[in-house]
Amino acid sequence: DTGVSQDPRHKITKRGQNVTFRCDPISEHNRLYWYRQTLGQGPEFLTYFQNEAQLEKSRLLSDRFSAERPKGSFSTLEIQRTEQGDSAMYLCASSLYSGHNNEQFFGPGTRLTVL
Amino acid sequence: AQRVTQPEKLLSVFKGAPVELKCNYSYSGSPELFWYVQYSRQRLQLLLRHISRESIKGFTADLNKGETSFHLKKPFAQEEDSAMYYCALSGAGGYQKVTFGTGTKLQVIP
């Protein structure tokens, strides 16, 4: 499978614990996006990278959230001191940005449940 | 600020009937508009984008800057069209984030 992959697919944690999700984009895609999706809502932008540089971060992303893409390939999203409100589907997408084409390819998502 | 509004959470149509999924947007510059689709148990995928002016699976969408709309249309619905449809917007040139609407579930009744 050469599509975007995410790990784990499901995560159940207790409030206050830290969690880390991984996203592997399509090979050679230079852009990588993180979204959060809750029930009945569309994907909500969190942050995105172009290569290893984090270019934009949503104001919704509190200090408890951090994302990295250290070598411009895979990315991790960490949530510290999880809260019940963090329960959601976390989606990753990648694209090969060329100035006029920014089609995003989505992964299957990681479903987080905070008890 | 950029915003995408999809007023219908659910749209039910009979097979063979025309479909129109509404999308209105708010953006101060020149937007790029997209429709994404998510079939049952599948990941989100791009259906079409306004700059391509193409028809995918019989669907078309025209950007109306005067009405700030990008409605998705298909003349004859098929059962396999049943899915969640999301309208999305980004700034021209792709430098800005992509904002999604809340989605419309299309249900095609046999």
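Of note, B:GLY94 satisfies the criterion of being within 13 Å of another protein chain (Cβ to nearest Cβ) and either surrounded by 13 or more Cβ atoms within 10 Å (Cβ to Cβ) or at pLDDT 95 or above (or both). Evaluate the following for A:ARG15: is it of a type in the set (D, E, K, R), touching a Leu at 6+ places or on another chain (Cβ under 9 Å) and assigned to a loop (DSSP other than H, G, I, E, B)? Yes; evaluated as a whole, the condition is true for this residue.
Considering only region B:37-55, state which residues are free of Cβ contacts under 8 Å to residues at least 12 places away in the same chain and closer than 19 Å to B:THR104 by Cα.
B:ARG41, B:GLN42, B:ARG43, B:GLN45
Only one of the numbered conditions (1) at pLDDT below 95; (2) surrounded by 20 or more Cβ atoms within 10 Å (Cβ to Cβ); (3) not charged (D, E, K, R) is not met by B:GLY103, and that is (1). Do you know which of the residues in region B:24-64 that are at pLDDT below 90 and polar (S, T, N, Q) is nearest to the chain's Cα centre (by Cα)? By that ranking, first place goes to B:SER55. For B:ALA77, which of the numbered conditions (1) surrounded by 14 or more Cβ atoms within 10 Å (Cβ to Cβ); (2) without any contact (Cβ under 8 Å) to a residue 60 or more places away in the chain; (3) more than 23 Å from A:PHE106 (Cβ to Cβ) fails to hold? Every condition holds for B:ALA77 apart from (2). Among strands (runs of 3 or more DSSP E) entirely within region A:20-115, having at least 1 residues that are within 14 Å of chain B (Cβ to nearest Cβ) singles out A:31-37, A:44-50, A:53-57, A:65-68, A:88-95, A:110-114.
The values are calculated or read from the model by the stated rules, or taken from the named source; none is laboratory data. This is a predicted model, so every value here is computed, not measured. Because the Cβ atoms are built from the backbone with ideal geometry, glycine has one as well, and the counts that use them run over all protein chains shown.
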